[in-house]
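The values are calculated or read from the model by the stated rules, or taken from the named source; none is laboratory data. The shown structure was predicted, so the numbers you read here are calculated from the model rather than taken from an experiment. Every residue, glycine as well, gets a Cβ built from its backbone with ideal geometry; the counts of neighbours run over all protein chains shown. Protein only, heavy atoms only, side chains kept; ligands, DNA and RNA dropped before computing areas. Shrake-Rupley method; radii C 1.70, N 1.55, O 1.52, S 1.80 Å.
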Amino acid sequence: MRRALLHLGGGRDHLSAMIPDPKTFLDNPVLLDEALAGGDIAPLLMVLVHLTGEAEWLDRLAPHIKGPWNFHEAAPDALRAALRARLRDVLLDYAQTGRALPAEPPAHLLRRMLSVGVGAEVPEEYMPLIREETVVDAPDPKTVQWRRDVPAARRAAFRTGIIGAGVSGLLMAIKLQEAGLPFTIFEKNDAVGGTWYENDYPGCGVDTPNHFYSLSFEPNHDWPEHFSKRDQLWSYLEGIADKYGLRRHLHLNTSVVEAHYDEAAALWRVTTRNAEGREETHEFEALVGAVGTISRPVIPPIPGVADFAGPLFHTARWDHNVALDGKRVAMIGTGASGMQAGPTIAPKLGHFTIFQRQAHWAVYNANYHAVVTEAKKAALKHIPFYAKWYRFQLLWASADGMHASLHKDPNWDQPAQSLNATNQKLREDVIGYIKTQIGNRTDLLEKVVPPYPPYGKRMLRDNGWYKMLTAPNVELVTTPIARITKDGVETKDGRHHPADVIIMATGFDGAKALGSFEIFGRDGVSVRTLWGDDDPRAFLGITVPRFPNFFMLYGPGTNLAHGGSAMFHSECQVRYIMQAIREVVETGARSIEIREDRCVAYNEFLDVTHERMVWTHPGVGSWYKNKAGRVVTNSPLRLVDYRRMTETLDPADYLIA
């Protein structure tokens, strides 16, 4: 029986086309030398062993690679030069002979390569995940395949509505399109991009390295920085919308008001409202909520907010018409957006008063402000397999490495400030780094060192925050705010802090999942009735009992607070949703709905797992928790666990009718 791939281009040809042809170097040996000079040693080593099988190079380099980042490698110059020279000869030989590039390295060699490449033992359980990220000559393992022929008429009759055109919404649209299934995307903004369109405050950027924070099938070898800024991320997503022709399916400036499931007709009826206020009703067999978690800014109910006479805005709604040069600016909040925006604007302000409720941990990364050199871009673009091995390094660096240290040790003797010996060591290391940044400003140390364990709240990257706090025009205030006045902020000690502009870096309402529209499932039940305002529960964070053919992306319990990439998670979720849709379309069924007992059991599992982890630490208050103290946003799972759970849909978990 013929098997049609749900993938544009059929899989093998598409993936092979992503691997550079070494023949490029025949006419341009200067390019080869530039690429070799720009490439990091560990991925170059992986390429050499991949192409030759010469495992002795692993033994020579292993003692000098202590971790997955390029700054963890310290091989002698002579050894680096020897490696590059050998790889140069190998690449030219492939170019001159025209022989085929090898596929995946032999299994006995692959794990050894992976472990040397990141300076740590890579367990066997990670091999399926890594193969998905580095496979080069086989159909894409993340691609869902039809198991039987599906008539075109049946595919055309199964329509999907997608709410949101951020990362997840665009990814969902691409996979539906590749499957030959019709879809419509509704986006409340006037452009695609989601959070990377809405947030354009100064300094806004990603804190996951970009060569991992990108779709696996859409690598970008032209990222200007290792941790690129908002404009580059938005441009990347705009380019994806164009490349895959998604705009013809896109309704911009269109908000979803409510969605109702008609059980008799097995249809979702979706009411939308455009910018002119005109409402329309659309019908779909399936509905996907891709509205994200950090899309509803929070302005805290501080007395007097309405009395302030000057400009007041949230970082997510930055007012670029407000001139800040020389002004007295008050910023309330010191989370992710505050730590990025603060050091960016501070040098031009007359005075900068920062109000902190609780300190955040922020670590230093040598690549955070580093540009990607043209030579390194040449390595990514032209050396076969280099980009794949480099992505693996960053996956390992950004993923599950810290997960074990986030578990509470019941026998640990310092439970108030850390969880275990490894967590305590991280605490001491970060404090040591902070001391190097604040110098003789010892008065700041108590203010900026959090009282809770590292990772209790989102671990941030230091954007020059600690150094900024020592500037003569910057003051960090930890006294609680009493009220906002017409010309400043008054703290509970009676002190008045004058301000011309107030910036709210106060985060988002993450606990109210799907809070931007009303949705009603079987028998007219509202998701708000099931969840209340802040207690969302879903199976795998994807689907909810009594809501047939409805799926979520970046749903409850899937926020990554220990590391990883939201794009990686989205690819796992979309693969799972495509399997659910396949189950309905192939079998001719009308609906698929998660069994309530499966959903209840899964959420009980999440709660039990969270009890052992840092986010339920009694000293931590964060947007991860609801009013009752339950962690509702975060995944307590490793990437390897979540990928395994979403790899294959089990029809026994569902009611299929």
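Given the rule -39500 (n - 2.57) for each run of at least 4 DSSP H residues, summed and divided by the residues of the chain, what is its mean residue ellipticity at 222 nm, to the nearest 500 deg cm²/dmol?
One gets -10000 deg cm²/dmol as the mean residue ellipticity at 222 nm.
Assign unit charges at the C-beta atoms only (+1 for Lys and Arg, -1 for Asp and Glu), then state the dipole size of the chain relative to its Cα centre in Debye, rounded to the nearest 20.
220 debye
DSSP beta bridges in the chain, what fraction antiparallel, as a percent rounded to 5?
Antiparallel bridges make up about 50 percent of those DSSP assigns within the chain.
Any idea of the accessible area per residue across the chain, 1.4 Å probe, to the nearest Å²? List each step's numbers first, then the result.
Working: 25470 Å² over 657 residues.
Value for the chain: 39 Å² per residue.
Using modelled backbone amide H atoms (1.01 Å from N, in-plane), which distant-in-sequence or interchain residues come within less than 5 Å of Thr254's amide H?
Glu187, Lys188, Asn189
List, in order, the whole-Hz ³J(HN,Hα) value for each residue of the stretch 490-500 obtained from phi through the Karplus relation with A = 6.51, B = -1.76, C = 1.60 and θ = phi - 60°; use x for Gly and Pro.
So the J values, rounded to whole Hz, are 10, 9, 5, 8, x, 7, 9, 10, x, 8, 8.
What fraction of the DSSP beta bridges in the stretch 263-375 is antiparallel, stated in percent and rounded to the nearest 5?
55 percent
Can you give me the Kirkwood hydrodynamic radius for the stretch 479-535, using every pair of distinct Cα atoms, in Å to one decimal? Walk me through the numbers before you get to the answer.
Values: mean 1/r = 0.0676 Å⁻¹.
After inverting the mean inverse Cα-Cα distance, the result is 14.8 Å.
Taking the simple approach of a point 7 Å from Cα along Cα-to-Cβ for both Asp493 and Ser526, what is their distance in nm?
Between Asp493 and Ser526, the label points sit 4.6 nm apart.
What FRET efficiency, computed as 1/(1 + (r/R0)^6) with R0 = 22 Å and r the Cβ-Cβ distance, is obtained for Glu263 and Glu583, rounded to the nearest 0.05?
0.75
For the stretch 550-657, compute Rh as the Kirkwood radius over C-alpha pairs and then the Stokes-Einstein diffusion coefficient at 37 °C and 0.692 mPa s; write the answer in µm²/s, rounded to an integer.
216 µm²/s
So, in nm, how far is label Asp89 from label His407 when the simple model puts each one 7 Å beyond its Cα toward the Cβ?
4.7 nm
When the Kirkwood hydrodynamic radius is evaluated over all pairs of different C-alpha atoms of the chain, what value in angstrom, to one decimal, is obtained?
26.6 Å
Full extension from Ala275 to Ala421: what is 0.36 nm times the residue separation minus their Cα-Cα distance, to one decimal in nm?
Values: separation 146, 0.36 × 146 = 52.56 nm, distance 5.49 nm.
Stretched fully, the Ala275-Ala421 segment lengthens by 47.1 nm.
When the accessible area of the chain is computed with all protein chains present and a 1.4 Å probe, what percentage of it is carbon and sulfur?
With neighbouring chains kept in place, the figure for the chain is 52 percent.
At 0.36 nm per residue, minus the direct Cα-Cα distance, what do Tyr433 and Glu54 gain on full extension? Give it in nm, one decimal, please.
Details: separation 379, 0.36 × 379 = 136.44 nm, distance 4.01 nm.
Length difference between fully extended and current span is 132.4 nm.
Highest mean first, how do 199-212, 328-341 rank when packing is the count of other Cβ atoms within 10 Å averaged over residues? Write out the running numbers ahead of the final one.
Details: 199-212: 21.4, 328-341: 24.2.
Highest mean packing first, the order is 328-341, 199-212.
Of Ile581, Ala652, His569, which is farthest along the charge dipole of the stretch 557-657 in the positive direction, counting Lys and Arg as +1 and Asp and Glu as -1 at C-beta?
Result: His569, furthest along the dipole toward the positive end.
So what is Rg over Rh here for the stretch 409-521, counting just Cα atoms and using Kirkwood for Rh? Don't skip to the answer; put the middle values down first.
Numbers: Rg = 18.8 Å, Rh = 17.7 Å.
My calculation of the ratio gives 1.07.
Using alpha-carbon positions, what is the distance between the centroids of the stretch 553-587 and the stretch 482-531, in Å?
After rounding, the separation between the Cα centres reads 28 Å.
If you plug each phi of the stretch 443-449 into the Karplus form 6.51 cos²θ - 1.76 cosθ + 1.60 with θ = phi - 60°, what whole-Hz ³J(HN,Hα) values come out, in order, with x for Gly and Pro?
Karplus-based 3J(HN,Hα) across the stretch 443-449 equals 5, 7, 4, 5, 6, 9, 8 Hz.
Would you be so kind as to identify all helices of the chain, as entire DSSP H runs, whose Cα atoms reach 15 Å or more along the helix's own axis and whose mean Kyte-Doolittle hydropathy is at least 1.0?
41-52
If you stretched the chain out fully between Lys66 and Ala309, how much longer would it get, using 0.36 nm times the residue separation minus the C-alpha to C-alpha distance?
82.0 nm is the gain from fully extending Lys66 to Ala309.
At a Förster radius of 51 Å, what calculated FRET efficiency corresponds to the Cβ-Cβ distance of Thr97 and Lys627, to the nearest 0.05?
So the FRET efficiency works out to roughly 0.15.
Taking H as built 1.01 Å from N, whose amide H comes closer than 5 Å to the amide H of Met331, not counting residues under 5 places away?
Thr353, Ile354, Phe355, Ile503
Measuring from label point to label point, each 7 Å out along Cα→Cβ, what is the Arg248 to Thr373 span in nm?
Distance between label points: 4.5 nm.
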